[in-house]
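First up is the structure itself, then whatever we jot down about it.
The values are calculated or read from the model by the stated rules, or taken from the named source; none is laboratory data. Small disclaimer: the values here were computed from a predicted structure and weren't measured. FYI the Cβ positions are ideal-geometry reconstructions off the backbone, even for glycines, and counts take in every protein chain you see.
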Amino acid sequence: MPVSSPESPWSVDPAEVITRRDLRQTHLVFSIDPRGCEDVDDTLSVRSLPPGPGGQRLELGVHIADVTHFVKEGSLTDLEARARATTYYLADRRYDMLPAVLSADLCSLLGGVDR
């Protein structure tokens, strides 16, 4: 599992950046998670397309955090996440499926953060 700290934050490998599409300038990208949520595991995007024969057209996207980039199949983290199966939200606490460094940091699709 990668290490990320305030002194040495993780960043996207420059060789990988050129293979990705940054939608932040061309699409409206948003999450339906509550304000202040740190573990944003999915987002939505929308943009207008040129009108077609039927009129106005929109492109909609669903974007899911790529946990498999950080958690290798068969690793201890993978096995523990499989056993937990989900994050449990209770009234006063939650039990995370993944370690916080993944769910609330590296895999979180927070606004304005390169992923």
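For first residues located in the stretch 63-92 and within 26 Å of Ser11 (Cβ to Cβ) and among the polar types (S, T, N, Q), partners that are exposed (fewer than 13 other Cβ atoms within 10 Å of the Cβ) and modelled with pLDDT under 95 and lie 6+ apart or on another chain with Cβ distances below 7 Å form the pairs Thr87/Arg94; Thr87/Tyr95. Residues in the stretch 18-56 that are of a type in the set (A, V, I, L, M) and either touching a residue at least 40 places away in the same chain (Cβ under 8 Å) or in contact with a strand residue (DSSP E or B) (Cβ under 9 Å, 6 or more places away or on another chain) (or both): Leu23, Leu28, Val29, Ile32, Val40, Leu44, Val46, Leu49.
What's the number of the condition Arg35 fails, among (1) assigned to a loop (DSSP other than H, G, I, E, B); (2) basic (Lys, Arg); (3) within 19 Å of Gly61 (Cβ to Cβ)? It is condition (3) that Arg35 fails.
Every test in (1) exposed (fewer than 11 other Cβ atoms within 10 Å of the Cβ); (2) within 10 Å of the chain's Cα centre (by Cα); (3) basic (Lys, Arg) is passed by Arg115 save one, and that test is (1).
If a residue must be of a type in the set (Gly, Ala, Ser) and either touching a strand residue (DSSP E or B) at 6+ places or on another chain (Cβ under 8 Å) or under 16 Å from His69 (Cα atoms) (or both), how many such residues does the stretch 7-17 contain? Total satisfying the criteria: 2.
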